[in-house]
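Notes to accompany the following structure.
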Amino acid sequence: MNKATSPRYERVLILAPRGRDAVVAKEILRDAKLHSDICLDIPELLQQLHRGAEVAVVTEEATRGDIRLLASWVSSQQPWSDFPFVILTEHGGGLERNPAAARLVNTLGNVSFLERPFHPTTLMSVVQTGLRGRQRQYECRRLNEELESRVAERTGELAAANHQLINQIKERENVESTLRQMQRLEAVGQLTSGVAHDFNNLLTVVLGNIGFVEKGLAEAGLDGKLTQRLGYMRAAAERGARLTDQLLSFSRRQRLEPRPLDLNETVVNMRDLLQSTLGGTTRIETRLQRSLWSAMVDPTQLELAVLNLAINARDAMQVGGSLTVQTENAVVGPPLRPEEPPAGEYVSVCVSDNGSGMSEEIRAKVFEPFFTTKEVGKGSGLGLSQVLGFAKQSGGGVRINSRLDQGTSVHIYLPRAEPETAKVTAAPLRAPWTGAPRSATILLVDDDNEVREITRAMLRELGHVVLEAGSGGAALDVLQREAGIDLLVVDFAMPGMNGAEVVRLAHGRQPNLPVLFVTGFADRGGLAGVDDAYIVGKPFHYEELASKVQFALRGKRAGNVVPLRR
Ligand SMILES: Nc1ncnc2c1ncn2[C@@H]1O[C@H](COP(=O)(O)OP(=O)(O)OP(=O)(O)O)[C@@H](O)[C@H]1O
Ligand SMILES: [Mg+2]
């Protein structure tokens, strides 16, 4: 905007205390349509300057007194301001002959001298020059302010962008660390399941042979120290098998049998067990949500998980602590940590204690297998890994809230069952075999020589004729060659062709051939949909193998062959 053309109010101050000087000056200015105010002394001039003016016309003699206050006003002006003074000097009072005038230049800065007597036009032109200069200063102030406000605006924008960037970086770091943790857990899971699979093969061999030695000793009528030692060996091997089971549940490769379950009922039924596990001094409180949704979960595994949490709580509490088990319908948002469930509807069971709690450092590690803070022999560090494995495999997750010295609560989230799914009670499948076992021809397929050897020995012991194959391909050859095979006993995890593929091809040729899978659990996902009655888990007992073989053979007579999803 062009200030020079816009209407404006300009005020000239006049300080000329002697005679009629002030009145004369005011009249001259009025003739030129300029507004002016007369001041009687320096203090009044200062007061008016504070109120605002554009030029001051001051007689030199009026400045002869104390002008320190005026000087300090001049020096405290804003950077854009340089207030114009017109000094009316005495005749012959030019700068060169008047040291007092020189002092005014120093103190007042923007000074024009006009020697009296002067022509009115001269006064007018000097005042006009001062006014124009002042307007330029105002314009300069305006531009300066505009610039400052633009800079402030831009600084604000930059700060906001910076803030946003920092947030994005933090978010990315969080996502990356979650991802890293997930990958680590996944890698550990794969490793664990591989180890567990091999372990199950070894344990099958160990337990199978122990069984034969026990039987041999019993037949020879030897029943003493040796049998006792064998009992120790069996107990140790069976403990190994349980440990392997825990590893498998961490790596989410155990076989789950989910069904719609009322968690309130589960919690109520577990009360006695929990109380006896925790001891009489621990108070147990249950808070059960009314109209709790049904959860889709394996009941046995859930009970194990709750028990695991209760034992952890017991270990974290002093005598006389209190444990709360709570059920809840939960609608959860996107997960913030890898152990949490995906967004959705869940039924949650939460075990809380008022024990020692955990530091953030410990909390970050509790799901790692074998992480424990307990003394040697007191904890294997598999409890929570197992709980997490189970919850994730069930389609849910886990959330831990913990505060040092205050307590811990662990939520297990389980997927909500579809409302229309009828509740079923899983009846364990038994093979009620009444007739005498008959001898059958069995084709045994396993890539592990020792496992195959012990399985063959057991099958022979049962009175069957056993043909063997060390791979899927070899098994198909035998099937092609030999007629009259009654049953295929096949290991699931084999290099090249796995058990399920062998069965599919075999059924292509002999649709009614009964099948029994042997599996080290490592890849139970591949056997989803196959009934447990047709699966023998390694390490297996002689009795289990015997009853499942009979069951499968009976199926042949009934024309009821193992179903396998294609
Ligand atoms: N309720 C709890 N309060 C405080 N710390 C806990 C709690 N639950 C677990 N922890 C911590 O987490 C660690 C790992 O727990 P986890 O159940 O996996 O293994 P563990 O209890 O040490 O051994 P295991 O369960 O195999 O016998 C514990 O050693 C303990 O430090
Ligand atoms: Mg534990």
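The values are calculated or read from the model by the stated rules, or taken from the named source; none is laboratory data. These numbers were taken from a predicted model, which means no experiment stands behind them. Every residue, glycine as well, gets a Cβ built from its backbone with ideal geometry; the counts of neighbours run over all protein chains shown.
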> When both residues are 6+ apart or on different chains and their Cβ atoms are under 7 Å apart, which pairs have a first residue that lies in the range 128-146 and is of a type outside the set (A, V, I, L, M, F, W, C) and modelled with pLDDT of 95 or more, and a second that is surrounded by 14 or more Cβ atoms within 10 Å (Cβ to Cβ) and in a helix (DSSP H, G or I)?
Replying inline: none
> With respect to ALA56, is the statement that it is assigned to a helix (DSSP H, G or I) and buried (at least 21 other Cβ atoms within 10 Å of the Cβ) true?
Replying inline: no
> So THR327 clears everything in (1) more than 21 Å from the chain's Cα centre (by Cα); (2) within 15 Å of ligand 2 (Cβ to nearest atom); (3) outside any helix (DSSP H, G or I) except one condition, right? Which one?
Replying inline: (2)
> Out of the residues in the range 353-405 that are part of a helix (DSSP H, G or I) and hydrophobic (A, V, I, L, M, F, W, C), which is nearest to ligand 1 (Cβ to nearest atom)?
Replying inline: LEU384
> Do we find a residue being within 18 Å of SER249 (Cα to Cα) and of a type in the set (S, T, N, Q) anywhere in the range 365-372?
Replying inline: yes
> Does any residue in the range 439-452 that is under 14 Å from GLN550 (Cα atoms) come within less than 7 Å, Cβ to Cβ, of a residue that is charged (D, E, K, R) six or more places away or on a different chain, and which pairs are these?
Replying inline: ALA440/ASP486; THR441/ASP486; ILE442/ASP486
>> Take the residues in the range 307-352 that are of a type in the set (Asp, Glu) and within 24 Å of PRO415 (Cα to Cα); name whichever of them is farthest from ligand 1 (Cβ to nearest atom).
In response: GLU345
> Which ones in the range 49-68 are aliphatic (A, V, I, L, M) and modelled with pLDDT of 95 or more?
Replying inline: LEU49, ALA53, VAL55, ALA56, VAL57, VAL58
